[in-house]
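The values are calculated or read from the model by the stated rules, or taken from the named source; none is laboratory data. The shown structure was predicted, so the numbers you read here are calculated from the model rather than taken from an experiment. For neighbour counting, all protein chains shown are included, and Cβ atoms are generated from backbone atoms with ideal geometry for every residue, glycine included.
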Amino acid sequence: MKNFLKLLMLFFPFLLLTSCFDILDKVNVKADGTGEYTIILNASKSKTRLASISKMETINGKKVPKKAEIESKINEAARIFKGTPGISNVKTSMDFDNYIIKLSCNFKKIENINAGLEQLKAKNILGKMIPTQIYSQNLEKKSLTRNKVNTFKADYDKLGKADKEIFNNARYTSVMQFENTVKSQTNSAYLLAPNKKAVKLEADILDLIFQKKQLQNTILFQ
């Protein structure tokens, strides 16, 4: 789980300070395979607590990251993404009043996101065990797959009580939007939009850690 925390802390070092946060992972894919990727952390529910903690030096034996450190890490991730072939229009926004952080980019093909994550791993920003081959698409077969990722239960079990509490109320949402109409999908936990051009999965992060819900899904288009 330490490596999983590194993934979260790529954008959000203050996640260690609160258990009440939401992560939105969103892709918008056009018919030609190009699209936009966005990841957002919203810790506004904990903004009063975070504002108080930000004035401290340490909490639960961990150093409290300062605004400049958070900005530096996010900007470093943005620079790496900008240097990844196929990725363009990288944007970041940081609202330190409401503790909402966003990173977005455009891609020529969805596998470019995988390559960007590989670059982050190569620069030691991501832990070695973090999955990077998250998405794959076959335009010929009219399919898009969110690949299976490893469980982190064994690492979670090794955490102390205070660190486990980080995840108690944490939520994760995956939204995939398409220009094409969805014909079928393999994971019924993803809700299909009425217009059949988007799927959505909402889960407690603990449910993902314990694999009560699965992220993998193969979507076929008409």
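A few remarks follow.
- Residues located in the range 81-95, provided they are within 18 Å of LYS108 (Cα to Cα) and more than 16 Å from the chain's Cα centre (by Cα): LYS82, GLY83, THR84, PRO85, GLY86, ILE87, SER88, ASN89
- Single residue of the range 152-204 satisfying the filter (without any contact (Cβ under 8 Å) to a residue 24 or more places away in the chain and in a strand (DSSP E or B)) that is surrounded by the most Cβ atoms within 10 Å (Cβ to Cβ): ALA198
- Of all residues in the range 132-157, those satisfying the criterion of being of a type in the set (Ser, Thr, Tyr) and more than 20 Å from PHE107 (Cα to Cα) are THR151, TYR156.
- Residues (surrounded by fewer than 18 Cβ atoms within 10 Å (Cβ to Cβ) and part of a strand (DSSP E or B)) located in the range 205-222: THR218, LEU220
- Residue count, the range 94-113 (criterion: at pLDDT below 90 and touching a strand residue (DSSP E or B) at 6+ places or on another chain (Cβ under 6 Å)): 5
- The requirement of being modelled with pLDDT of 65 or more, surrounded by 17 or more Cβ atoms within 10 Å (Cβ to Cβ) and either touching a helix residue (DSSP H, G or I) at 6+ places or on another chain (Cβ under 7 Å) or not charged (D, E, K, R) (or both) is fulfilled nowhere in the range 7-15; no residue meets it.
- Listed by first and then second residue, the pairs linking a residue in the range 111-124 that is more than 22 Å from LEU139 (Cβ to Cβ) to a residue that is of a type in the set (A, V, I, L, M, F, W, C) and assigned to a helix (DSSP H, G or I), with Cβ atoms under 7 Å apart and 6 or more places separating them unless they lie on different chains, are GLN119/ILE80; LEU120/ALA77; LEU120/ILE80; LYS123/ILE80.
- Once the range 27-67 is narrowed to residues that are hydroxyl-bearing (Ser, Thr, Tyr) and closer than 20 Å to TYR172 by Cβ, the residue that is modelled with the lowest pLDDT is SER46.
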